[in-house]
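One structure is given here, and the rest of the page talks about it.
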Amino acid sequence: MGGRGRSRTQRKHFRHNRENVWKRSKPDSTQQDDGTTTTTTRDPGWEPFATQNPAFDDYYKEQGIVSAEEWDVFVEVIRKPLPAAFRINSSSQFSCDIRSQLENDFVKSLQAEAADGSEVEGIRPLPWYPENLAWQSNFSRMQLRKNQTLERFHEFLKQENEIGNITRQEAVSMVPPLFLDVCPDHFVLDMCAAPGSKTFQLLEMIYQSTEPGSLPSGMVVANDVDVQRCNLLIHQTKRMCTANLLVTNHEAQHFPSCHLNKNCANAFENGVAMEPSVHQLLFDRVLCDVPCGGDGTLRKAPDIWRKWSVGMGNGLHGLQVQIAMRGLSLLKVGGRMVYSTCSMNPVENEAVVAEILRRCGGSVELLDVSSELPQLVRRPGLKKWKVRDKGSWLSSFKDVPKYRTAGITPSMFPSGKSYVDTPNNDHDPVLEERHDNDCDGDSANGSEPKKDPESLTDVLDEELSTLPLERCMRIVPHDQNTGAFFIAVFQKLSPLPAIQKKPSSLHRQLKSNTNSHPDEVANVENQDTNGVEIHSEDVTDKKLPDAAPEAALLGNELEEVASDTDTDKMSEENELEDIQDPVDKEACSKVGGGKRKLQIQGKWRGVDPVVFFTNDAIVGSIKTFYGIDESFPFTGHLVTRNSDTNHVKRIYYVSKSVKDILELNFKGGQQLKITSIGLKMFERQSSKEGSLTQCAFRISSEGLPLLLPFITKQIIEASPIDFKHLLQYKTIKFADFVDAEFGEKASQLMLGCCVVVLRKVDRSLSDPPHVDGSTIAIGCWRGRTNISVMVTAIECQEMLERLSVRDGTGNGSKLLETEQSSVEPGELKANVAETIEDAEIIEVATV
């Protein structure tokens, strides 16, 4: 299963593949004696998994999450596939163009299709999302394949998503960040961030109203417990091209409290480093989107029907409380934290919120946000609920058998009262085993649970919470055709109480008797090694760390308590004791014979280091070659992931906020385990021709928008027609440009990386390049005889289509067809008469 200490999140780690209930069954082919093949269709009523589970129905009917009159409509909706939704990146240069294209092109064309009698349903903006930036569609895969208009729309979605202009995300998943009320100067923590759609959304909020060439003063720390899922998070957020993001790899409930170490601070003060402006890592906003049972995602992950059981929520309750408490301890006084799940289970929702309020006393307030996002249909939180365990309904903790008190805790009930103190070992294993055999009705096999006659006939005194849990928000699927979600918004009024509860083995996670279940990164389910299933509302799941203990510690520090089965953490601590000097350790650590050295980041083994880049010779050559203005802040903002700064391949740029956190982390003993940081600004040119240039580093396409206003050399403006031709043909000789003067200027550039800017109609070629928010530029390479584009094919295609939409010539299909034809660069001037008129239109549209 991948070896000790490895995360089991890849398909290869499991023996079975996931099935999809929405897929039709394939016909069976039978070989006859005469050699012919007979095809028989299976029973039309057969399905891989039935979209029903008696245990699910029994549980949620009793909990009263919807009224009895609504139940049939509720079940009908959750058995249907989930509509697709996506969000326009508000910080994108083309956000207004994309929104206009949706409103004026796709909406109208799809409505026209529907008017012709087809079954195509139109797309619409989500009414509760600001500025029409979020959209929802109701297209099936079959419709996308068969309908030409929908096929074009589907290709549009895929292309814009890959570039980063839009993000495909479930509608209800967009809600929690909106209630955080993020401002550009806020420090934001996303505790369980992978796969990254909410992190991307938070970055958009940080970047709102940011001018070209500048960075916001805030930043986002995105954390996830699983390294492989951190890579997915990095891939998702990479499309944002941001210098204000830090990705870390920690257990959320043990996220380090990074603060200034006096000994380290003194050592640095006597050396080179400056006194950091931040002395403790606290956040203005915290998003606590915790691992959960995930039954709110049944519409997009229908196999949860088969696997659902009440044990999923009961087993995760303690971890959820622990993560939320850690989030509050890292929150600044006056800050706001959002707790959210994609589960409908009150044990994972209202019970967690109630326990948080009890532990924090008056230091934390549950906010009433009913006036925010008024068009979002939401329902109040529950005030009463029950706990189901081993086939029995429990109304309060006093009803819990002694042998079950290790798994069913007082915090799961509305009042949170313990009634009696039960010793940890006060249970009968024989009785427990017998009870498991008799009352194992709430399993994940979908069978009808066995009823406990006493639990149904006796009138139990149900507990009613006195806390304002009605301020929580429940989003149910049939209210607005979405998935299900739970959201609670907290505000920290004062430091958390100093009284601490000691961790008890009563609160440890129970080991499940279930075996390993199938899993894959593209779906919403995951497991820990104890078999507890968890889910996330996003494309991928949130992973439950091994045997996470219950630690209800308050204040600025959270004590890390390792359970007996937490072998990864124990071994990690043993390793850290021996690691003091990363350089010395790296020198003697190699993986295999002659392979790449084992990288060490402070005390974290196997992680690439984060090093401030201070090679003045290389930085000087970059500044001189590109004529970078002195007002652009370089000092202290460049980092690399290689301790050998003489052989650096990539140089990253970080904002001032990230720089301050880095300095604090260095002085605090490198408590943060950083997997990704900053914006890739420069990359070493490894080609043979690149070794002949005066500057060995080229500007990356990700870093160009930030650096563009400060470049004074190696930059030229091209006419719309020549700019378009560069995107089409990728490489053009100096003599083949339509504008001969531009070709002459290009030939006068130094060999190496250069920037080509799309010239506006009111400017001449003799004017120096001017950059503002509407400027379009691409990175190129000035070769011996030509100019070559250093942009990916999909980016070239998207930019061509974007220019085509602006000039009103369509979606760029003509240009793409021309690109695929066998036109030689030398024939450009011969064909230019056909495109001069288009170039004039582009100039007018640009103005």
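The values are calculated or read from the model by the stated rules, or taken from the named source; none is laboratory data. Quick caveat, the model's predicted, so the values are computed rather than measured. Using ideal geometry, Cβ is built from the backbone for each residue, glycine included, and neighbour counts are taken over all protein chains shown. The area values use the complete protein model at the heavy-atom level, side chains included, leaving out ligands, DNA and RNA. Shrake-Rupley method; radii C 1.70, N 1.55, O 1.52, S 1.80 Å.
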In segment 610-657, residues that are within 27 Å of residue 218 (Cα to Cα) and not small (Gly, Ala, Ser) total 26
Could you run through segment 26-63 and say how many residues are modelled with pLDDT of 55 or more and surrounded by 16 or more Cβ atoms within 10 Å (Cβ to Cβ)?
9
Among strands (runs of 3 or more DSSP E) completely within segment 327-399, the ones holding 3 or more residues that are within 25 Å of the chain's Cα centre (by Cα) and of a type in the set (Ser, Thr, Tyr) are 331-341
Regarding residue 111, is this residue part of a helix (DSSP H, G or I) and either over 24 Å from the mean Cα position of the chain (by Cα) or at pLDDT below 85 (or both)?
yes
Could you list, ordered by first residue, the pairs with Cβ atoms under 6 Å in which the first is in segment 727-753 and among the basic types (Lys, Arg) and the second is open to solvent by 70 Å² or more (accessible area, probe 1.4 Å) and assigned to a loop (DSSP other than H, G, I, E, B), at least 6 apart or interchain?
733/785
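Listed here are the residues, each with its yes/no results for (1) over 21 Å from residue 484 (Cα atoms); (2) open to solvent by 40 Å² or more (accessible area, probe 1.4 Å); (3) modelled with pLDDT of 90 or more.
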| site | (1), (2), (3) |
| --- | --- |
| 258 | yes, no, no |
| 293 | no, no, yes |
| 300 | no, yes, no |
| 309 | no, no, yes |
| 314 | no, no, yes |
| 318 | yes, no, yes |
Residue in segment 680-687 that is at pLDDT 90 or above and within 25 Å of residue 226 (Cα to Cα) present:
yes
Of all residues being of a type in the set (Ser, Thr, Tyr) and crowded, with 17+ Cβ neighbours inside 10 Å in segment 114-139, which is modelled with the lowest pLDDT? Just the residue, please.
137
Cβ-Cβ below 8 Å, separation at least six or inter-chain, first residue in segment 195-214 and of a type in the set (A, V, I, L, M, F, W, C), second part of a helix (DSSP H, G or I): which pairs?
200/236; 200/237; 202/177; 203/237; 205/177
Criterion (among the aliphatic types (A, V, I, L, M) and open to solvent by 10 Å² or more (accessible area, probe 1.4 Å)) met by exactly one of 150, 202, 178, 233:
178
Tell me which residues, restricted to segment 193-246, are of a type in the set (Gly, Ala, Ser) and within 15 Å of residue 654 (Cβ to Cβ).
214, 217, 218, 222, 243
Could you look through segment 64-78, keep only residues that are closer than 18 Å to residue 483 by Cβ and in contact (Cβ under 8 Å) with a residue 24 or more places away in the chain, and pick out the one that is surrounded by the most Cβ atoms within 10 Å (Cβ to Cβ)?
78
Only one of (1) under 24 Å from residue 93 (Cα atoms); (2) part of a loop (DSSP other than H, G, I, E, B); (3) open to solvent by 40 Å² or more (accessible area, probe 1.4 Å); (4) touching a strand residue (DSSP E or B) at 6+ places or on another chain (Cβ under 8 Å) does not apply to residue 750, and that is (1)
